[in-house]
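Worksheet: the structure to be examined is printed underneath.
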Amino acid sequence: MFSNLMDDLRYNVESNRERLATALKMSPNMAYQKVTELALFVGSRYGVHLQLHFPVQGKISDIGSYGTENIGIVVDKLRKTFPLPREIVKQKAVDIIGSKAQAHDAYMYEGKEGVKVVMPDGRIEVLPGSVHFWCRIDDRIKMYADWLAENVYFPNS
């Protein structure tokens, strides 16, 4: 499911590349507005709130990176616990992404739980109602995201 979402986002970015480039020439803020609109449109088709983040100054200028890194997907911002043991979420990260991934408990307060997956080239923050990819999204990351969709976010689909 998330693979389809990410592929759909990339397709929409590429289809609107010229429009995004024009907006970027006018103002980085205008380009941010346009790509945010695209993300909201694509996310709405999947019933999620899709966000693109630009944590590094100037990264907004790299249209080719839109939808390939630094993505947040909010499914249910009020959900506080995972529908399965947190240890499974952590173990699957290592199993799917590889031995360079280290999964730790994170954001454990006020009855909330979460997992942080740290890799040499970034991190993934897995919360019961959202996931945030602070890394480049390759096939292994997509596989983990698909596993999360099937087992954490939409287990009854």
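Place a +1 charge on the Cβ of each Lys and Arg in the chain and a -1 charge on the Cβ of each Asp and Glu, then give the dipole magnitude about the Cα centre in debye, rounded to the nearest 20.
260
Helix 86-97 against the longest principal axis of the chain: what's the angle in degrees, Cα atoms only, rounded to the nearest 10?
It works out to around 60 degrees.
Calculate how steeply helix 17-26 sits against the longest principal axis of the alpha-carbon atoms of the chain, using the helix alpha-carbon long axis, and give the answer as 0 to 90 degrees to the nearest 10.
So the helix axis and the longest Cα principal axis differ by about 70 degrees.
When the helices in the chain are scored as -39500 (n - 2.57) per DSSP H run of 4 or longer and the sum is shared across all residues, what 222 nm value do you end up with, to the nearest 500 deg cm²/dmol?
Calculated from helices alone, the mean residue ellipticity at 222 nm is -13000 deg cm²/dmol.
How far is helix 2-15 tilted, in degrees, relative to the longest principal axis of the Cα atoms in the chain, given as a value from 0 to 90 rounded to the nearest 10?
Long axis of 2-15 versus the principal axis of the chain: about 10 degrees.
Of Y32, S15, L5, which is farthest along the charge dipole of region 1-41 in the positive direction, counting Lys and Arg as +1 and Asp and Glu as -1 at C-beta?
Y32
FYI, it's all coordinate maths here, none of it is from the lab. This structure is a prediction, so every number in the text was calculated from the model and none was measured. Every residue, glycine among them, receives a Cβ derived from its backbone with ideal geometry; neighbour counts consider all protein chains shown.
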